[in-house]
1. Restrict the check to the stretch 220-236 and report whether at least one residue is of a type in the set (Phe, Trp, Tyr), in contact with a strand residue (DSSP E or B) (Cβ under 8 Å, 6 or more places away or on another chain) and open to solvent by 90 Å² or more (accessible area, probe 1.4 Å).
2. Name the strands (runs of 3 or more DSSP E) wholly within the stretch 1-52 that hold at least 1 residues that are at pLDDT 95 or above and open to solvent by 30 Å² or more (accessible area, probe 1.4 Å)?
3. Under 8 Å by Cβ, and 6 or more places apart or on different chains, what pairs join a residue from the stretch 47-72 that is within 19 Å of Gly134 (Cα to Cα) with one that is aromatic (Phe, Trp, Tyr) and open to solvent by 30 Å² or more (accessible area, probe 1.4 Å)?
4. Within the bounds of the stretch 179-186, is there any residue that is modelled with pLDDT of 95 or more, part of a helix (DSSP H, G or I), among the hydrophobic types (A, V, I, L, M, F, W, C) and under 12 Å from the mean Cα position of the chain (by Cα)?
5. If I go through the stretch 189-224 residue by residue, how many of them are in contact with a Gly (Cβ under 9 Å, 6 or more places away or on another chain) and under 18 Å from Thr30 (Cα atoms)?
6. Residue by residue through the stretch 132-145, note down the ones that are in contact (Cβ under 8 Å) with a residue 12 or more places away in the chain and open to solvent by 60 Å² or more (accessible area, probe 1.4 Å).
7. Of the residues Leu176, Leu211, which is more than 18 Å from Arg160 (Cβ to Cβ) and within 17 Å of the chain's Cα centre (by Cα)?
Amino acid sequence: MTYCLAITMDAGLVFASDSRTNAGADQVSTYSKMHTFEVDEDRVFVLLTAGNLATTQAVLARLKRDIEDNVEESLHTVRGMSDAAEYLGRVNREEQEKHGEALTKAGFRADASFIIGGQFAGQEPEIYLVYPQGNFITASSHTRFLQIGESKYGKPILDRIVSHDGDLGDAARCALVSIDSTMRSNVTVGPPIEVIVYERDSLTFEHYLCLEADDTYLTDLKRAWDDNIKAAFRDLPRFDWEAARGSKRRGTEVTVNRRSTRKPSKKTG
């Protein structure tokens, strides 16, 4: 399984992904699901992948080949992030169609989903989620993040913390906590964890992390989050009835129902 997410903020973008593709009883496989494209000096892209590994690798190879071959439409020629998402959706659909029938007969799915984000010089930084069918959505003013893969476990922290005017460092920590929460609940999501923090208008990637399971920062973050969330839980308001626990309230009577052990009396004539 997979869990990837992207966050858009006034200050820039944050991307995070796990690297586990298989977690069987006797085999654990890892592949990077985060890929960067720095095309010329006027555009940068980050691509997050989820779904059939063969499909995602075929799509990535096609994107690179189209740039190298100077084809009419590529990440080198599109004019904006929405155009990039539309182009990616079409490539994704075409690659699925090549092997979809054979995979379906074998009991597999060719489906793949992507998050693409980045910025063109003079335009706003943006993120898009591209579905297997080729259509796509973008983040909104109310939902500043997008997720693919095993998204449900890591969503609550994003809903509570992420805002448009927040700090990029806080957003990156929030993304890591979101992935950690998912790993705690689903063994098919696992390290290494990759993070990219993109600063608005920089048109380059200066902040990249790849955290193994035993990385000191990741270990400290997990421990701090675990300790603090438990402390916050212990500080939640008590119920009224908890104050009376262990003491008998005035005016109440405790009764015990016991079966009678007396033998029934014999009737006399």
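1. no
2. 34-39
3. As it stands, the answer is Asn52/Phe108; Leu53/Tyr31, since those pairs meet every condition given.
4. There is at least one residue in the stretch 179-186 that is modelled with pLDDT of 95 or more, part of a helix (DSSP H, G or I), among the hydrophobic types (A, V, I, L, M, F, W, C) and under 12 Å from the mean Cα position of the chain (by Cα).
5. 2
6. Gln133, Asn135, Phe136, Thr138, Ser141
7. So the residue among Leu176, Leu211 that is more than 18 Å from Arg160 (Cβ to Cβ) and within 17 Å of the chain's Cα centre (by Cα) is Leu211.
Yes/no per residue for (1) surrounded by fewer than 21 Cβ atoms within 10 Å (Cβ to Cβ); (2) polar (S, T, N, Q):
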| residue | (1), (2) |
| --- | --- |
| Asp66 | yes, no |
| Gly100 | yes, no |
| Phe108 | yes, no |
| Gln123 | yes, yes |
| Val130 | no, no |
| Gln147 | no, yes |
| Gly154 | no, no |
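The values are calculated or read from the model by the stated rules, or taken from the named source; none is laboratory data. Predicted model only: the values in this text are computed from it and were never measured. FYI the Cβ positions are ideal-geometry reconstructions off the backbone, even for glycines, and counts take in every protein chain you see. Heads up: the accessible areas ignore ligands, DNA and RNA and are worked out on the full protein's heavy atoms, side chains in. Shrake-Rupley method; radii C 1.70, N 1.55, O 1.52, S 1.80 Å.
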